[in-house]
Amino acid sequence: MTTPPLPPASPATRYAGLDGLRAIAVGLVVIYHLFPGTLLAGGFVGVDVFFVISGFLITSLLLREHRATGRISLGDFWRRRARRLLPALALVVTVCASAAWMIGGDVLVRLGAQVIGAFTFSYNWISVAGGTGYFSAATPELFRNFWSLAVEEQFYVVWPLVLPLFLLLPRAWARVGAALALAVASAAWMGVLVASGGDLTRAYFGTDSHAFGIFLGVGLAFGIAPLRRRLSVGAVPVWMRSGAVRTTAVVIGSVGLLGILLIASLPPADTTATFPGALAAASIGAALVTLAGVWPGSPLGRHLDARPLRWVGERSYGIYLWHWPLLVLLVAAMEGTGPDAGVPVGIGLLTLALTLVLSGLSYRFVESPVRRVGFRGSLRRIGMALRARSGRRVTALAGLAAGAALVAGTAAAVVAGPAVSSGQSVVEAGAAALAAETASPSPTDPSATAGDADQEAAPEETPDTGAAPTPSPTPVTGEEITAVGDSVMLASAPSLLERFPGISVDAAESRSAWAGPGILRTLRDEGRLRPVVVVGLGTNGPVDRATLEEIADIAGPDRRVVLVNAFAPRDWVPGVNDTLRTFAAAHSGVSVADWSAAIDPHRELLAGDRIHPGHRGGDVYADAVAAGVERAEYERAVRRYGEELRAFRDENSHGPPLVPQ
């Protein structure tokens, strides 16, 4: 959830402090991605810092052109944007797509749509329309970070057309007010989408709902414009350069910078507190830093432009573009998963090193030459090199051959890319198996043997042999089992149906433990809850004891509950498994099916997301459930044995009756 920074302006139009602010923003984003779980749990707010910079810088440049020429040349503006954005973009896409083709697997999922979205600057809306929200966390989407580049480019296309309408307003304060009103409206719209329970991806990726940072930068540019005009003619009032004012500017900018860092350290929540709360706060902080940096005589701009920060800031566009695809490729190649499943520190460090090297090379040999001489000039240079009789010709030929290979590799990757991930594929296969089972029910009516848990669980008659009873567990059939679970159970459905013919499975994607009580209560009230209740709902979030208590209460004392623990590269899973274990130990009639321990030595049987089992992994899941059910039945038999033994002892504790004399 991040955005690429705009490439820096040329030295002639450079604004103090912006390169340093870019460096800080891209640093937040990179650390957030490469080293998850560090102090920067909310480092994605760098997106909004970049949006503010883009709105401010582009509007300032357009206002300067309008002031100098009385017009805005749309062709020249869009040509400059293309020179700055397309060369690095094309290089990253072709290199990383070709590498993905060689790695294969889930990194190729929907790659064609991703490439189209990258080159048409529509990635955000393609992501929203794709409807892959659930599996986006488990699928290593190669160019996911390009969504926000699309937001910025859509702004670049529309804003030069709309800006003249703002210039009809006679006063700078009116233009500022109009821009701020649009910013507030955009933030409010994001809040409405999130508060109404809508798709968070839609709220975050939408250009309309995530434009408040851009409009905040626009308003800042309108407010600064009169000051810049005075600067251009050397007519800045003395009070603007006074020590007190400059100190105030430094304080304001420092507060803004500290605010950004503080917000970046806070963990996000899927509520309006973060969307748009934290994002809007970071945007305001970025606006304060920008204002303080460009203020006449302010030392903050000079400090932010320290050599290391400026070096990173000048290459921040390339750093942003490279870091995420490289991370996806390295994690896929070395771990077989995606970054959302966890990033080892070693891979994070390697990705950082490669990002700095490749972005530096791209900046020097691709981005800067095209920005200086343009696309036509670059083609002329290649033509001249091909006609030369020196090593330049060999270099040019090698470059053309490499470019052709990258284009071919990208095409091959697009053709080979599957429509769905391996994880989604096995879940869909499980859903199909359940649908087929529902369409062709077993000749045996499950309700005939499992409709009344009380009857099934009634104590069996013990033959009156005069001997003490013994534990007698009985095999559990599929007609006696109701299973409720998430997508892991859904993927394992074919194996469960094979292992337990007649089993009733109710499983769905994205289902968390909190959905369990409602589903079980409905089944109970409809008389469809069977004597053995299997619950597998620990993959998609934490599980609390109150929910488990409710599940146990719904099942009642005459049913056995089997809780399937979780296995997934998610930080809440260890806590889930601990909670299930301690709850089962404290409650009779509840046992655990240890799916985690069963699959851990056989991770190769999982899909690429390292969560959902394939066919053989589903067999392991079914075996774990069978072991849990057998344990539950044995514990039930032991409890019944204890009850019968106590009754036997009570009946034989008084001895034979006395015989009259």
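The values are calculated or read from the model by the stated rules, or taken from the named source; none is laboratory data. Given the structure is predicted, the values throughout are model-derived calculations rather than measurements. Cβ: placed from backbone, ideal geometry, glycine included. Neighbour counts: every protein chain shown. These area figures cover heavy atoms from the full protein model, side chains too; ligands, DNA and RNA do not enter into them. Shrake-Rupley method; radii C 1.70, N 1.55, O 1.52, S 1.80 Å.
Quick notes on this structure:
- Projecting the Cα atoms of T351, A282, L329 onto the charge dipole of the stretch 241-351, computed from C-beta unit charges around the Cα centre, puts A282 farthest toward the positive end.
- With all protein chains modelled, accessible area of D578 [1.4 Å, Å²]: 70
- Under a 5 Å amide H cut-off, with hydrogens placed 1.01 Å from N, V484 pairs with D506, V534, V535, G536 among residues at least 5 apart or on other chains.
- Quotient of C-alpha Rg and 2.2 N^0.38 Å, computed over the stretch 537-630: 1.08
- Calculated from backbone phi, Karplus (6.51, -1.76, 1.60) coupling profile of the stretch 152-163 in Hz, x at Gly/Pro: 5, 5, 4, 5, 4, 6, 8, 4, x, 7, 8, 3
- Per-pair calculated FRET efficiency, R0 = 56 Å: A585 and A402 via Cβ, rounded to 0.05: 0.35
- Rounded, prolate or oblate (a/c below 1.5 giving rounded, otherwise prolate when a/b exceeds b/c) for the stretch 239-320 by Cα gyration tensor: oblate
- Which label in (i) 134, 64, 41; (ii) 112, 55, 53; (iii) 77, 70, 65 gives the computed Cα extents along the principal axes in Å: (i)
- Per residue, the chain exposes an accessible area of 44 Å² to a 1.4 Å probe, with every protein chain left in place.
- Helix 172-195 and the longest principal axis of the C-alpha atoms of the chain enclose an angle of approximately 10°.
- Cα-centre dipole for the stretch 64-113 with unit charges at Cβ (Lys and Arg positive, Asp and Glu negative), debye to 20: 460
- Across the options A416, G516, T247, the greatest Cα extent toward the positive end of the charge dipole of the chain (unit charges at beta carbon of Lys, Arg, Asp, Glu) belongs to T247.
- Relative contact order of the stretch 42-186, defined on C-alpha pairs under 8 angstrom at six or more residues apart (%): 22
- The stretch 480-516-the stretch 44-101 distance, computed between alpha-carbon centres (Å): 49
- Farthest positive-ward along the chain dipole, Cα basis, beta-carbon charges - from S378, F500, A584: S378
- Charge dipole magnitude, Cβ of K and R +1, D and E -1 - the chain, Cα centre, debye nearest 20: 6920
- Rounded to the nearest whole Hz, the Karplus-based 3J(HN,Hα) values (6.51 cos²θ - 1.76 cosθ + 1.60, θ = phi - 60°) of the stretch 295-305 follow the sequence 5, x, x, 6, x, 4, x, 5, 5, 5, 8, with x at glycine and proline.
- The chain: angle of helix 615-651 to the longest principal axis, Cα-based, in degrees nearest 10: 40
- Tilt relative to the chain, helix 243-265 - C-alpha long axis, 0 to 90 degrees, to 10: 30
- Within the accessible area of the chain (1.4 Å probe), percent carbon and sulfur: 63
- The relative contact order of the chain comes to 16 percent, based on Cα pairs under 8 Å that sit 6 or more residues apart.
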